[in-house]
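Q: Please see the structure below; I have some questions.
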Amino acid sequence: MTILVNLIGLALIGLIVWYFFFYRKEGVQVAEVAGVQEVNITVKGGYTPDTIVVKRGKPVRLHFTRQESALCSEVVVFDKLGQSAKLPEGQSVTLEFTPSEAGEIPFQCQMGMLRGKVVVMA
Ligand SMILES: [Cu+2]
């Protein structure tokens, strides 16, 4: 029992360390479910997560949920993809694409104040 508690404690510490040192800086590596790379992004004074790591050649689904009414974040723009989406407050809006080449796909609000990026690995 004590061992189990210790293991859980260690796992929690590991998770916290991972969150601050890996997730925060390197971005979130998107899990693949049934061939689709899906991630939820919260829009509130910025994009969380703001760096999303995906694999090339597989569909990516980004679910944006805007949790603020500030006009700034009303639209998210993917210049490189020629896509944009309006984000009504409190609603989940999905943007889907399949990255064909490795590299970075930046996204931002209309005015370019909030920024994020999708990092496509080869
Ligand atoms: Cu803005």
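Q: Considering only the range 87-108, I want to know if a residue exists there that is touching a residue at least 60 places away in the same chain (Cβ under 8 Å) and either within 16 Å of the ligand (Cβ to nearest atom) or open to solvent by 70 Å² or more (accessible area, probe 1.4 Å) (or both). Explain how you work it out, then say what you get.
A: Our first condition is that a residue be touching a residue at least 60 places away in the same chain (Cβ under 8 Å); within the range 87-108, this holds for 107.
Imposing the further condition that a residue be either within 16 Å of the ligand (Cβ to nearest atom) or open to solvent by 70 Å² or more (accessible area, probe 1.4 Å) (or both) reduces the set to 107.
There is at least one residue in the range 87-108 that is touching a residue at least 60 places away in the same chain (Cβ under 8 Å) and either within 16 Å of the ligand (Cβ to nearest atom) or open to solvent by 70 Å² or more (accessible area, probe 1.4 Å) (or both).
Q: Next up: Looking for whichever is surrounded by fewer than 19 Cβ atoms within 10 Å (Cβ to Cβ), within 14 Å of the ligand (Cβ to nearest atom) and in contact (Cβ under 8 Å) with a residue 40 or more places away in the chain here; the options are Met113, Met121. Which one fits?
A: On the way: Met121 fails: within 14 Å of the ligand (Cβ to nearest atom).
The conditions single out Met113.
Q: Go through (1) open to solvent by less than 50 Å² (accessible area, probe 1.4 Å); (2) within 18 Å of Val28 (Cβ to Cβ); (3) touching a residue at least 40 places away in the same chain (Cβ under 8 Å) for Pro59 and report which single condition fails.
A: (3)
Q: With within 12 Å of the chain's Cα centre (by Cα) and within 26 Å of Glu32 (Cβ to Cβ) as the only criterion, which of Val76, Val60 stands out? If you could, list the steps in order and put the result at the bottom.
A: Numbers: Val76 fails: within 12 Å of the chain's Cα centre (by Cα).
Unique residue meeting the criteria: Val60.
The values are calculated or read from the model by the stated rules, or taken from the named source; none is laboratory data. Model, not experiment: these values are computed from the prediction. Cβ coordinates were reconstructed from backbone atoms using ideal geometry, including for glycine residues, and neighbour counts include every protein chain displayed. Ligands, DNA and RNA are stripped out before the accessible areas are found, and what is left, the full protein with its side chains, is counted by its heavy atoms. Shrake-Rupley method; radii C 1.70, N 1.55, O 1.52, S 1.80 Å.
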